[in-house]
1. Using the structure shown, decide if Tyr142 is in contact (Cβ under 8 Å) with a residue 60 or more places away in the chain, open to solvent by 40 Å² or more (accessible area, probe 1.4 Å) and assigned to a helix (DSSP H, G or I).
2. Going through Ile78, Ile25, Ile54 one at a time, which residue ends up being under 18 Å from the mean Cα position of the chain (by Cα) and either surrounded by 19 or more Cβ atoms within 10 Å (Cβ to Cβ) or among the hydrophobic types (A, V, I, L, M, F, W, C) (or both)?
3. Quick check on this structure: which one of Glu42, Glu30 is open to solvent by 50 Å² or more (accessible area, probe 1.4 Å) and either free of Cβ contacts under 8 Å to residues at least 24 places away in the same chain or among the aromatic types (Phe, Trp, Tyr) (or both)?
4. Among the helices (runs of 4 or more DSSP H) lying completely within the range 7-96, list those that include at least 3 residues that are more than 19 Å from Ile159 (Cα to Cα).
5. Please work out which residue is most open to solvent (accessible area, probe 1.4 Å), limiting yourself to the range 150-177 and to residues that are farther than 16 Å from Val206 by Cβ, in contact (Cβ under 8 Å) with a residue 60 or more places away in the chain and in a helix (DSSP H, G or I).
6. May I ask you to list the residues in the range 236-256 that are open to solvent by 50 Å² or more (accessible area, probe 1.4 Å) and modelled with pLDDT under 90?
7. Test of understanding: among Leu3, Leu28, Leu23, which residue is within 16 Å of Ser253 (Cβ to Cβ), at pLDDT 95 or above and in contact with a Ser or Thr (Cβ under 6 Å, 6 or more places away or on another chain)?
8. Looking for whichever is closer than 27 Å to Thr144 by Cβ and free of Cβ contacts under 8 Å to residues at least 40 places away in the same chain here; the options are Gly198, Gly210. Which one fits?
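The values are calculated or read from the model by the stated rules, or taken from the named source; none is laboratory data. In this text the structure is predicted, and so the values were computed from the model without any measurement. No Cβ is skipped: glycine too gets one built from the backbone with ideal geometry, and neighbour counts run over all protein chains shown. Ligands, DNA and RNA are excluded from the accessible area calculation, which covers all protein heavy atoms including side chains. Shrake-Rupley method; radii C 1.70, N 1.55, O 1.52, S 1.80 Å.
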Amino acid sequence: MDLKLKDKVVLVTGGYGDLGTELVIRFLQEGAKVAFCGRSQEKVDAAEQDFRKISDQVLGIRCDVGNSPDVQAMFDKIVEHFGTLDILVNNAGVARKAPKDRDNYFKLTMETGQMFSLGVTRSMTDEEWLDSMNNNLNSVFYCTRAALNIMEPKGYGKIINVSSTAGISNTSAHSPSYSTAKGAIAAFTRSVAREVIGAGVIVNAVAPGGILTKFWKNPEVGKDILDKVTFPIPAKRMGTVHEHASLILYLASDEANYIVGQVVSANGGLYM
């Protein structure tokens, strides 16, 4: 399928992580002009050098998307360099932490009749909570606001927010702050989508249900942990970054123009 993304101007936040890298590569391969960002200048520079092997229509920007002035400066650079913005993928975020007590986590989430608490919420600090809200939720607002100021006046735009199944299910008992932020992204998506569709801007979200990133391929994680994580998934595996990126590219294309305000979850059947 020709997604007709040639010459579209795209911003992928969190552009040098596993999914972000795949997204930048795939958009470039489709002929789009792509800006991406991350908090490390060194990593941004290295990634941009690699991406330029595919296309020279790429711009790496150091940006902390949890910082409002940083975000506005990034959007100013994109408009100065490419002239506009057509597609925003709010991919950046801080991953949920691994369970501190893995044995009890798996007992609580995979076995019936378990009557105990992991004690995560009652021991969480203000700083931990606010850090998750800022990096996983406020960042989406800051980037969406800046994007709409470009998209609404010209009557066209696509915004895809990366939520998580942790935000639409109860499967992340060890990370309530992450789940809250990702759940709020889903609600934000639905609200903003209804607000701006009349201005020609289409907003959707994806809620990945397990991505087989480099983390899971690390021998230190252990096959036993990966087996426990994938056991409840009807597909009996985690999704690849290619599969999740394919969904996002489809939503970013005009093939998906009648999909509005949805939270689409690729999850192997686990969270139906």
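1. Values: in contact (Cβ under 8 Å) with a residue 60 or more places away in the chain: yes; open to solvent by 40 Å² or more (accessible area, probe 1.4 Å): yes; assigned to a helix (DSSP H, G or I): yes.
Answer is yes for this residue.
2. On the way: Ile78 fails: under 18 Å from the mean Cα position of the chain (by Cα); Ile54 fails: under 18 Å from the mean Cα position of the chain (by Cα).
None of the other options fit; the residue is Ile25.
3. Working: Glu30 fails: either free of Cβ contacts under 8 Å to residues at least 24 places away in the same chain or among the aromatic types (Phe, Trp, Tyr) (or both).
The match here is Glu42.
4. On the way: elements: 18-29, 41-51, 68-82.
Ranges flagged: 41-51, 68-82.
5. Going residue by residue through the range 150-177, those that are farther than 16 Å from Val206 by Cβ are 150-157, 170-177.
Then drop every residue that is not in contact (Cβ under 8 Å) with a residue 60 or more places away in the chain, which leaves 150-151, 154, 156-157, 171-175.
In the following step, the residues that additionally are in a helix (DSSP H, G or I) were identified as 150-151, 154.
Numbers: Ile150: 36, Met151: 0, Lys154: 83 Å².
Selected residue: Lys154.
6. Lys236, Arg237
7. Working: Leu3 fails: at pLDDT 95 or above; Leu23 fails: in contact with a Ser or Thr (Cβ under 6 Å, 6 or more places away or on another chain).
On inspection, the qualifying residue turns out to be Leu28.
8. Details: Gly210 fails: free of Cβ contacts under 8 Å to residues at least 40 places away in the same chain.
Answer to the check: Gly198.
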